Amino acid sequence: MNQLDWQPSASLDVLERRAQLLADVRRFFYARDVMEVDTPILSQAAPTAPYLDSFHTEFDPLSSSAQRYFLQTSPEFAMKRLLAAGLTDIFQIAKVFRNSELGKHHNPEFTMIEWYRASLNYQGLMNEVDKLLQDVAQLPPAKFFSYARLFQQYVDIDVCTCNDVSIREKAFDLIQSLPVDWETDRDGWLELLMSEVIEPKLVFINTPIIVYDFPASQAQLAKLRQDEVGHMVAARFEVYAGGLELANGYDECTDADELRQRFKTDNDKRQNEGLPTMPIDIRLLASIEDGLPACTGVALGLDRLLMLMTQQASIEQVQAFSFNKS
Amino acid sequence: MASYSTNEFKSGLKFMLDGDPCSIIENEFVKPGKGQAFNRVKFRNLKTGRVNERTFKSGDSVEGADVIETDMEYSYTDGEFWYFMDPTTFEQFGADANAISESKDWLKEQYVYTVTLWNGTPLLVTPPNFVNLLVTETDPGVRGDTSGGGGKPATLETGAVVRVPLFIEIGELLRVDTRSASYVERAKD
């Protein structure tokens, strides 16, 4: 046999399960009259989110008019433009790219199931994600917890009223591996507590967990809303299962001015942290100005779902060829 | 010494942390939601032998540690240091009690040990998996009993005590597994 390791990183059995999963996801959406779309991978604009690192390349690189194109980190912006143009319920199974993300649960190139629903509200979309997981992956019905409830239960703080200093103290208290000079902002501390303190506990709940109503400062592209007790929260949810973060969804913000402001704030944060600023997607903003219908949307990592279904510990074991063998 | 960014972290990488040389046991890349990525690193402090965890911001870098592992022959001890010789350069290195703590029961002249050097100083001496050692003390053997059932303690020339079958006598050479500190068989020479 050849010395060079050319073999797939997934077993042929797992690749067969992958093919079946792709077919099952399509069947799920076709049965619900959700239309399949495919949009460009290369874009002149890129998301501004500070901790999302886009790959880029040049068109006609040797010419004087060489132009930079970014590989999508998700098909979100293009799909929203399709919604603004009049489509209502669409899905896509897309290759997406995130630079510098490599590990047991991360491959810089992976497959995303992303869908948008003009005919479903926030709760309706969460229920549909739950239904999809039951239908294509035979997972048990999900349990729902608000972000605030999880922090109350596992960290013993009220995230809506707690000040930054006490959140920081909690983090040092509960995460022994943190070096004493660790610095970050409020959301940074909350994210650390979420992944180092709360997520390990969620593993023991044997159903998918849908966490909803994130802090308003972590809204990303979600609408803000008032929760049951009157606090402003982001209409954003995340799905966890078996120790994996599977999906992220929004009741989409349809206010172009608000989004323009958030993109700008992101770029300011990038500048402060010495990260490159990103070209804002002006066509997305134009389409939203012309009218993005009320809609909800979610992105779900297909590879991680397959890891869960086939009980593989590492993402490379569910991909034909891992990053190091590509 | 070179520095390494978190993307180069992998098990076995030797790096400096808080002034001590350490070796990575496990490295995990973590990205919480849409937040800043970090690395959860399990490592061994090579000076103390202790295993610990540390969180690093992804993209941070650490200084490499000048740590190498070499095979060396054990020569002798003066009570304070245990001396090992590099068989190619004949250079001698003195290891202190801390460095030989895992191997002191198995030190025999002319045997080859793996010596971990940091800036030229032995940090850790690891014994070979098997060594042959003489029995210096044990209860009289039971002739004819070769079943090996039951067993008895025997003290070896290095001071180590292992359980041996009843038929083993003082002066016999035994093959011993240093990882489990257990008798394997009678040795030929």
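The values are calculated or read from the model by the stated rules, or taken from the named source; none is laboratory data. Just so we're clear, the structure is a prediction, and the values are computed from it rather than from any experiment. Here Cβ is always computed from backbone atoms with ideal geometry, including for glycine, and neighbour counts include all displayed protein chains. Note: areas computed on protein heavy atoms with side chains; ligands, DNA, RNA excluded. Shrake-Rupley method; radii C 1.70, N 1.55, O 1.52, S 1.80 Å.
Among the listed pairs A:Lys325/B:Lys42; A:Lys131/B:Lys10; A:Lys131/A:Lys325, those with a Cα-Cα distance over 29 Å are A:Lys131/B:Lys10; A:Lys131/A:Lys325. Peptides A:190-198, A:141-149 ordered by packing proxy, namely the average of other Cβ atoms within 10 Å per residue, highest first: A:190-198, A:141-149. With both residues required to sit in the protein assembly as shown, DSSP beta bridges show an antiparallel share near 95%. If R0 is 56 Å, the Cβ-Cβ spacing of B:Tyr76 and A:Lys143 corresponds to a FRET efficiency of close to 0.25.
Residue ranges B:88-96, A:106-114 sort as A:106-114, B:88-96 when ordered by packing (mean number of other C-beta atoms within 10 Å per residue, highest first). Cross-link partners for B:Lys188 among the lysines, with Cα-Cα distance under 21 Å and sequence neighbours closer than 8 places in the same chain left out: B:Lys108. Where a ≥ b ≥ c are the square roots of the eigenvalues of the C-alpha gyration tensor, would you call the protein assembly as shown rounded, which needs a/c under 1.5, or, failing that, prolate if a/b is larger than b/c, or oblate? Note, shape of the protein assembly as shown comes out prolate.
Per atom type, chain A shows carbon and sulfur on 51% of its accessible surface, probed at 1.4 Å. Legend: helices of chain A (whole DSSP H runs) are marked when their alpha-carbon atoms reach 27 angstrom or more along the helix axis and their mean Kyte-Doolittle hydropathy is at least -1.0; marked are A:12-31.
Per residue of B:32-45, other chain Cβ atoms within 10 Å of the residue Cβ number 6 on average. Surface exposure of the range B:3-63, expressed per residue as accessible area with a 1.4 Å probe, stands at 46 Å². Within the same chain, lysines fewer than 8 places from A:Lys269 are excluded, and of the rest, those with a Cα less than 30 Å from its Cα are A:Lys80, A:Lys95, A:Lys104, A:Lys170, A:Lys223, B:Lys31, B:Lys34, B:Lys57.
A dipole drawn for the protein assembly as shown from +1 and -1 charges on Cβ atoms has a positive end, and of A:Pro179, A:Thr310, B:Phe29 the residue lying farthest that way is A:Thr310. The fraction of accessible area contributed by carbon and sulfur in the range B:67-126 is 49 percent, rounded to a whole number (1.4 Å probe; ligands and nucleic acids excluded). Shielding value for A:99-109 is 4, the average number of Cβ atoms from other chains within 10 Å of each residue's Cβ.
Report note on the peptides A:283-290, A:205-212: ranked by the mean count of other C-beta atoms within 10 Å, highest first, their order is A:205-212, A:283-290. Residues B:Ser75, A:Ser326, sorted by accessible area with the largest first, give A:Ser326, B:Ser75 [1.4 Å probe; ligands and nucleic acids excluded]. Once you divide the Cα radius of gyration of the range B:3-63 by 2.2 N^0.38 Å, the number left is 1.08. Between the listed residues A:Leu192, B:Val41, B:Ala2, the Cα displaced farthest toward the positive end of the dipole of the protein assembly as shown, a dipole computed from Cβ unit charges relative to the Cα centre, is found at A:Leu192. Only Cα pairs under 8 Å and 6+ residues apart enter the sum, and on that basis the relative contact order of chain A stands at 25 percent.
Peptide A:182-194 shows a mean partner chain C-beta count of 3 within 10 Å per residue C-beta. Ratio of Rg to Rh for the range B:67-126: 0.90 [Cα atoms; Kirkwood radius as inverse mean 1/r over pairs].
Rolling a 1.4 Å probe over the heavy atoms of the protein chains gives chain A an accessible area of 47 Å² per residue.
For the range B:1-129, the alpha carbon convex hull comes to 110 Å³ per residue, rounded to a whole number. Using C-alpha pairs below 8 Å separated by at least 6 residues, the relative contact order for the range A:222-326 is 24 percent.
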